[in-house]
Amino acid sequence: MNAAYLFCTRCGQQFSVNDIRWCCTCGSLLNLHFEAQFDKEKISLRKPDLWRYREALPINDDENIISFQEGFTPLIEMQVDGKKFLIKQEHLFQTGSYKDRGASILISKIKEIGVKHIVEDSSGNAGCAIAAYAARADISCDIYVPDRTSTPKLSQIKRYRANLHRIPGSREDTAKTAFLAAEHSYYASHSWNPFFFHGTKTIAFEIWEQLVWKAPDYLVLPVGNGTLLLGAYIGFCDLQNAGMIEQLPTLIGVQAENCAPLYQSFVHHQPDYEKINPKPTIAEGIAIAEPVRGQEILAAIHNTNGYILSVTENEIFSALQKTGEAGFYIEPTAAATIAALSKLPVLRDPDAVVVSVFSGHGLKSQEKSIT
Ligand SMILES: *Cc1c(COP(=O)(O)O)cnc(C)c1O
Ligand SMILES: [Zn+2]
């Protein structure tokens, strides 16, 4: 295994990857330094799941891998307003969202360091994924969600036998409660824990392989806490550092206008998220008013000459309907990203390859505004 270590994004302190630790002693976010390697021939011969990129995944021992043979989701062409897009079918995971990518690597690492109990908070889907993988790993978990979370997500978490806590108030109140609980446990947070992002990064590897070892020109992705966007960024950086691609794709982030702290800061050229007064949105999965990795998300966007778009509730609902008419059933949060495809500025190259995602399954959420 190559030299990997955790490091603090503020004070630079380094820690072993096998420390039972999810934030720095100074309280700041940790990131993982890891040199990913790729052997195309080996990769092509392996099973079609995300563990085929084994040399790019930060788990020491195969015995610790917790997997449902997830990943390698189809990349399907879809027309939106007469234009061609490639859509990664991330709603087709075991738990119904791409969060399984992060959960598989994070729970494997947690097993590797011998932790037996974890805490996580989520607007629903990350909680579902962490609970499912924890069940498979025989690790007990407490999952905190806002009390208005969609009922299918609540029953899913309970079915995996996680201890479910429904917290009144805002998404941020839920995060604070989980944060306190994590003082006596291990925080398997999809926004704090760097191993989660080294799972979501596998979307980049799969797109690269599905485009016959090429990076797309543009990637249009949802952004709340940025677990998919930052994961994709890390993954394409891994590929670039290993000499597998020349250029990073341009990253386009999508937020719901009713809760768009990063869109606001992008427009106002701020380095971190702006304080906002969030309004309710049917895109519950990206309704994050205070994204802890805001600075990192904005830096990734700038680094690829990308930008952030915001979409209204009407645009989200209309995208949900249009997607359904094309034969795909996705949750409203996922429709926000598709709504942005209709609002992309004219691309300089009309033949540019634009990849986007269906981030969550339609069965995840009872529709909050059926018309
Ligand atoms: C988690 C999630 C997202 C993206 O959320 P982030 O907060 O940016 O990680 C998008 N769509 C769905 C369905 C999700 O579950
Ligand atoms: Zn520090």
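Based on the Cβ-Cβ distance of Leu347 and Ile276, what FRET efficiency does E = 1/(1 + (r/R0)^6) give at R0 = 30 Å, to the nearest 0.05?
0.55
At a 10 angstrom cut-off on C-beta neighbours, averaged per residue, how do the peptides 8-20, 275-287 rank from highest to lowest?
Packing order, densest peptide first, comes out as 275-287, 8-20.
How much accessible area does Leu92 have with a 1.4 Å probe, in Å² rounded to the nearest 10?
Probe radius 1.4 Å; accessible area of Leu92 about 100 Å².
So, R0 is 41 Å and r is the distance between the beta-carbons of Asn18 and Ala326; what FRET efficiency does that work out to, to 0.05?
0.30
Between Asn303 and His184, 0.36 nm times their residue separation minus their Cα-Cα distance comes to what?
Numbers: separation 119, 0.36 × 119 = 42.84 nm, distance 3.75 nm.
Gain on extension, Asn303 to His184, equals 39.1 nm.
Net charge around Asn277, counting only other residues with Cβ within less than 14 Å of its Cβ (Lys, Arg = +1; Asp, Glu = -1)?
-1
Could you tell me which residue out of Pro332, Phe205, Cys23 lies farthest along the dipole of the chain toward its positive end? Charges go on the beta carbon: Lys and Arg +1, Asp and Glu -1, centred on the Cα centre.
Pro332
Taking 19 Å as the cut-off for C-alpha to C-alpha distance, list the pairs among Lys158/Lys279; Lys88/Lys322; Lys99/Lys176; Lys322/Lys343; Lys47/Lys116 that go past it. Mind showing how you got there, number by number?
Values: Lys158/Lys279 28 Å; Lys88/Lys322 17 Å; Lys99/Lys176 21 Å; Lys322/Lys343 15 Å; Lys47/Lys116 29 Å.
Flagged as over cut-off: Lys158/Lys279; Lys99/Lys176; Lys47/Lys116.
Mean separation of Cα pairs under 8 Å and 6+ residues apart, divided by the residue count of the chain: what relative contact order is that in percent? Could you put the intermediate results ahead of the total?
On the way: 786 pairs, mean separation 59.0, N = 371.
Relative contact order comes out at 16 percent.
Could you check the spin-label model distance between Lys42 and Lys158? Points 7 Å from the Cα along Cα→Cβ, value in nm.
4.5
Taking K and R as +1 and D and E as -1, what net charge do the other residues with C-beta under 14 Å from the C-beta of Leu248 add up to? All intermediate terms of the calculation are to be shown ahead of the outcome.
Details: positive: Lys201, Lys214; negative: Asp217, Asp238, Glu246.
Once positives and negatives cancel, what remains is -1.
Find which of Ala289, Ala175, Pro216 sits farthest along the positive direction of the dipole of the stretch 156-303, computed with +1 on the beta-carbon of Lys and Arg, -1 on that of Asp and Glu, about the Cα centre.
Of Ala289, Ala175, Pro216, it is Ala175.
Assuming R0 = 25 Å, can you tell me the calculated FRET efficiency for the pair Asn314 and Arg166, based on Cβ-Cβ distance, to the nearest 0.05?
So, using R0 = 25 Å, E works out to roughly 0.25.
How would you order 43-54, 235-246 from highest to lowest mean count of nearby Cβ atoms within 10 Å?
Packing proxy ranking, top to bottom: 235-246, 43-54.
The values are calculated or read from the model by the stated rules, or taken from the named source; none is laboratory data. All figures in this text were calculated on a predicted structure; none of them were measured in a lab. Because the Cβ atoms are built from the backbone with ideal geometry, glycine has one as well, and the counts that use them run over all protein chains shown. Areas reflect the complete protein model, heavy atoms only, side chains present, ligands, DNA and RNA absent. Shrake-Rupley method; radii C 1.70, N 1.55, O 1.52, S 1.80 Å.
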